Amino acid sequence: MIIGLIGKANVGKSTFFNAATELAVPAANYAFTTIEPNVGVAYARVKCVCREFGVQDNPVHSICIDGNRFIPVKLVDVAGLVPGAHAGKGLGNKFLDDARQADALIHIVDASGSTDNCGRSVPAGTGDPMFDIQFVEEEFDLWLAALVGRDWAKNAREAEGLGQKLEQLLAKRLSGLAITEQHVSAAIHASGLGMKKPVSWTEDDILTFCKILRSRAKPFVIAANKADLPSADANIAKMKLAGLEVIPCASEAEALLRKASKKGVLHYLPGDSSFDLKPNVALNAQQEKALDIVRTLIQKYGSTGVQEAINIACFKLLHNIAVYPVEDEFKLIDKKGNILPDVRLLSEGSTAKDLAETVHADLARGFLYAVNARTKQRIGADHRLKSGDVIKIVSATSRG
Ligand SMILES: Nc1nc2c(ncn2[C@@H]2O[C@H](COP(=O)(O)OP(=O)(O)O)[C@@H](O)[C@H]2O)c(=O)[nH]1
Ligand SMILES: [Mg+2]
């Protein structure tokens with residue numbers, strides 16, 4: 001699963017990225033840690049099941065702090081977007097190359113209005129984040145439509161000649177975009193274009209289809225960044241009034257809190273609505289003032305919004321659940337004795353066998369049954385899992 005940060009230049013994408021990928025207690029290496037500077041590990045936060053089970057866990061690939069599980073997810077800081085990007089303006093192509101891999105997007109806007117349409121600095125309150133929201137979505141749709149629409153008539157005729165279905169034609173054009181068959185089918189259905197022969201699709205039809213597809217396959221959440229600046233209030237109110245779901249966000253404040261927490265100055269967990277200064281910490285007047293501002297801000301909004309945006313992308317947009325696989329349903333351990341070693345993000349509706357598949361293909365192949373560690377009841381391959389389930393899988397082909 002990949003979350004992409006998109007938005008105009010200078011709205012705070014890199015600040016958000018740096019804050020979100022910094023954790024006081026870094027976990028072990030991940031398969032997806034790469035050397036690309038704009039790709040990093042962020043964390044979804046869930047309440048860990050350790051306290052309910054009364055155990056002191058020692059996770060391997062995720063992190064548990066004070067009963068909160070931080071689950072690694074891949075985060076990509078996508079190149080800044082300018083109007084006209086779909087036609088190759090600015091870093092248009094780089095933007096779209098980065099964005100194509102994302103399963104969900106956090107659209108960062110400058111809620112304080114201190115950037116103009118092209119991302120240049122302007123006096124706070126003069127830039128219009130509503131424009132950003134519109135143009136970024138439009139660019140995305142136009143880019144997708146250009147991709148789908150290239151030589152459409154010719155390809156549609158060929159596909160018709162070969163007796164191919166519309167789904168096949170589209171799947172070919174959309175390969176490499178992290179768009180599933182289900183997304184395509186649902187978008188065909190919702191657009192009503194399934195009734196029309198592909199050869200007679202107009203440019204407008206293609207754009208209509210792409211808009212629907214984009215909203216399903218690349219869902220957005222809007223992070224209204226720079227919410228710490230006074231001019232942000234009016235813009236956030238305006239966005240909410242327009243019916244948009246926006247998360248007030250202060251990336252710089254989050255960066256400050258994570259750094260201070262890493263240095264041992266204060267106790268703060270990403271997503272918290274407050275922080276505590278550690279005893280015997282001496283702050284200068286400037287530091288104290290900065291922390292006062294942050295404290296007021298997170299009280300006002302409930303958090304800095306950075307963790308919330310990631311969680312919304314993970315759970316609300318992508319409909320994931322968090323499931324803990326174990327090898328011993330009584331001790332909740334793996335073979336090495338690690339307690340609650342692992343947690344997997346699975347799509348809602350995933351079954352016990354799907355979980356086995358994510359652990360190891362062999363485990364799934366020889367699947368016999370699973371055990372719910374909470375109830376100690378046996379469950380079958382098709383049993384749908386719930387978030388927070390702790391599951392032992394029994395397989396004829398389990399190793400060792
Ligand atoms: N006041 C305020 N400024 C911010 C915040 N986040 C980023 N900035 C500033 O906005 C400018 C652009 O930030 P950057 O992360 O480089 O933006 P990007 O071009 O979208 O990656 C920098 O001067 C940041 O310090 C925030 O939450 N509040
Ligand atoms: Mg940047």
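Please tell me if Pro219 is within 16 Å of ligand 1 (Cβ to nearest atom), in contact (Cβ under 8 Å) with a residue 40 or more places away in the chain and under 25 Å from Ile133 (Cβ atoms).
no
Of the residues in the range 367-396, how many are in contact (Cβ under 8 Å) with a residue 60 or more places away in the chain and on the phi > 0 side of the Ramachandran plot?
Counting residues in the range 367-396 that are in contact (Cβ under 8 Å) with a residue 60 or more places away in the chain and on the phi > 0 side of the Ramachandran plot gives 1.
Quick check on this structure: which one of Ala234, Ala223, Ala178 is open to solvent by 40 Å² or more (accessible area, probe 1.4 Å) and not in a helix (DSSP H, G or I)?
Ala178
Picking from Leu96, Leu75, which residue would you name as being more than 16 Å from ligand 1 (Cβ to nearest atom) and either under 20 Å from Ile222 (Cβ atoms) or open to solvent by 30 Å² or more (accessible area, probe 1.4 Å) (or both)?
Leu96
Is it true that Ala364 is of a type in the set (Gly, Ala, Ser) and outside any strand (DSSP E or B)?
Answer is yes for this residue.
Is it fair to say Val306 is touching a Pro at 6+ places or on another chain (Cβ under 9 Å) and farther than 30 Å from Ile236 by Cα?
no
Taking the condition closer than 16 Å to Ala145 by Cα and of a type in the set (Ser, Thr, Tyr), does Ser231 pass?
Answer is no for this residue.
State which residue is nearest to ligand 1 (Cβ to nearest atom) when the search covers only the range 60-71 and only residues that are crowded, with 22+ Cβ neighbours inside 10 Å and farther than 18 Å from Gly337 by Cβ.
Phe70
Find the helices (runs of 4 or more DSSP H) located wholly in the range 1-111 whose residues include 3 or more that are among the hydrophobic types (A, V, I, L, M, F, W, C), modelled with pLDDT of 95 or more and within 16 Å of ligand 2 (Cβ to nearest atom), and list them.
Result: 13-20.
For the range 154-162, state whether one or more residues are within 28 Å of the chain's Cα centre (by Cα) and either modelled with pLDDT under 95 or open to solvent by 70 Å² or more (accessible area, probe 1.4 Å) (or both).
no
Let me confirm something: among Leu229, Leu170, which residue is over 20 Å from Leu317 (Cα atoms) and assigned to a loop (DSSP other than H, G, I, E, B)?
Leu229
Where the second residue is open to solvent by 40 Å² or more (accessible area, probe 1.4 Å) and in a helix (DSSP H, G or I) and the first is on the phi > 0 side of the Ramachandran plot and within 8 Å of ligand 1 (Cβ to nearest atom) and lies in the range 1-22, which pairs have Cβ atoms under 8 Å and are six or more apart or on separate chains?
If the second residue must be open to solvent by 40 Å² or more (accessible area, probe 1.4 Å) and in a helix (DSSP H, G or I), the pairs left are Gly12/Glu252.
The values are calculated or read from the model by the stated rules, or taken from the named source; none is laboratory data. These numbers come from a predicted model, not from an experiment. Using ideal geometry, Cβ is built from the backbone for each residue, glycine included, and neighbour counts are taken over all protein chains shown. Heavy atoms of the whole protein, side chains included, go into the accessibility calculation; ligands, DNA and RNA do not. Shrake-Rupley method; radii C 1.70, N 1.55, O 1.52, S 1.80 Å.
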